[in-house]
Amino acid sequence: MSPVPPTPTTTPKAATRPKAKPKRKAKRRRPDPALAWARRIARYRPRLLEDTLDALTSIYGPQVWRRRLDPTSELILTILTQNSADINAEKAFVALRAAYPSGLTEEIHEPGAGWGGEGLPPGAPPDWAAVEAAPIAELIDVIRPGGLAPTKAPRLQATLRKIREERGDHSLEFLGELTPLAARDWLTTIPGIGKKTASVLLLFCFNQPLMPVDRHVERVAKRIGLVPAKAHPDLATDQFNAMLAAAPERTYETHVLLIHHGRAICQARSPKHELCPIRHRCRFVDPKAP
C-alpha cells in the first residue's frame, strides 16, 4: 500500500483591518466679536474708554445713579420716546396720567444729564389696567402729543397685555431679582422691545450693568473709535458691555456722559470740536489719534 501524501497546509492570510478614517479637525470656535473688540481696544488704544469718561466728567461732573421711575412707567415712557423727542414723550405720558389716574403714590422723575426733555412733573403712574383696556381710538387721542400715536397706542396695549398674561399684573419689579442678561432676555420676548429699550429700563430702574446705545451714544462712540464705524447698535451694545466688564459700576456714567456729550457738543451737524475735552483721542478729529 503506497503511503498517503501529506496534505498541504495553507497559512491563513492575516485579517485585513479597515482603514482608519482620517480624523476630522475640530472646528475652531469663532471668537466672540464683542470680546475680541474689547481686547483689541485695550491693546492698541489703551485707556480709551477711561480717558473718555474722565474727560467728559471734567465738564459735565460726576454722574450718580438714581432710580427715575417704576419699571413699568420707565418702559412705557421709553416706548413713547421711540422716534420722538423726549419732551413730546413727556407730554404723552402726562396725558396718560390725567386720562387714566391710578391714585397711587406720586413719583419724582429725576432724568439725569442724558435726558432730552424737561423732566416729568411729580405724579402717580397711570392705571395700567385702564390703559390696556381703553378703546384704541381714545388711547390714540390721549397720546397724540407724543407723535406717532396710531403706531404707539396698539404697541403700548400689546406690551401691557403681554406683561399681564405672563405675570398676572403689570408690575416689572421682579426683573430686579434676575441676572442682567436673564432680565434683558425676558423683556426682549415682548414684541417691539429690543436690546436698547430693555437695557434702558434695567439700567435706570435697577442699575443693571447693561449699556443702552441710542443714536447719540452711537455717534459719539463711533467718532471717537470706541466701537467700529460700521457696528450695528446691538453689536455696539455687546462691545460696550465687554469693555465695561472689568468696571460694570461705570455703565451708568458711560451711557449718561456719552448721550449728554452727543446732545451738547458732539452733535450730528457742526460738532463743536474746540469745546471737546476728548478731541486729542478722537478719530473723527484726527484719523491717527492714539
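The values are calculated or read from the model by the stated rules, or taken from the named source; none is laboratory data. Since the structure is predicted, the reported quantities are computational estimates derived from the model, not experimental observations. Cβ: placed from backbone, ideal geometry, glycine included. Neighbour counts: every protein chain shown. The area values use the complete protein model at the heavy-atom level, side chains included, leaving out ligands, DNA and RNA. Shrake-Rupley method; radii C 1.70, N 1.55, O 1.52, S 1.80 Å.
If you plug each phi of the stretch 213-221 into the Karplus form 6.51 cos²θ - 1.76 cosθ + 1.60 with θ = phi - 60°, what whole-Hz ³J(HN,Hα) values come out, in order, with x for Gly and Pro?
10, 8, 5, 6, 4, 4, 4, 5, 5
Give me the percent of accessible area attributable to carbon and sulfur for the chain, probe 1.4 angstrom.
C and S fraction of accessible area: 55 percent.
What are the residues whose amide H is under 5 Å from the amide H of Gln267, where those residues sit 5 or more places off or on another chain and H is modelled from the backbone?
The list, which skips near neighbours in sequence, is Lys272.
So what's the angle, to the nearest 10 degrees on a 0 to 90 scale, between helix 33-44 and the longest Cα principal axis of the chain?
80
Restricting things to Cα coordinates, could you compute the convex hull volume per residue of the chain in Å³?
Considering the Cα atoms of the chain, their hull volume per residue is 253 Å³.
Quick one: which residues, 5 or more positions from Glu107 or on another chain, have an amide H under 5 Å from its amide H? H modelled 1.01 Å from N in the peptide plane, none for Pro or chain starts.
Gly123, Ala124
From the convex hull of the Cα coordinates of the stretch 119-214, what is the mean projected area in square nanometres?
Orientation-averaged projected area of the Cα hull: 6.9 nm².
Probe of 1.4 angstrom, ligands and nucleic acids ignored: what's the accessible area per residue over the chain, in square angstrom?
Solvent-accessible surface per residue comes out at 57 Å².
As I understand it, the dipole of the chain uses +1 on the Cβ of Lys and Arg and -1 on the Cβ of Asp and Glu, about the Cα centre. Which of Pro71, Leu104, Thr251 lies farthest toward its positive end?
Among Pro71, Leu104, Thr251, the one farthest towards the positive end of the dipole of the chain is Thr251.
Among the GluC sites (Glu not before Pro) in the stretch 80-125, which ones are in a DSSP loop with at most 13 other Cβ atoms within 10 Å of the Cβ? Mind listing them?
Glu106, Glu118
Is the stretch 37-143 best put as rounded, prolate or oblate by its Cα gyration tensor, with a ≥ b ≥ c the root eigenvalues, rounded for a/c under 1.5, and otherwise prolate when a/b is larger than b/c, oblate when not?
The shape class here is prolate.
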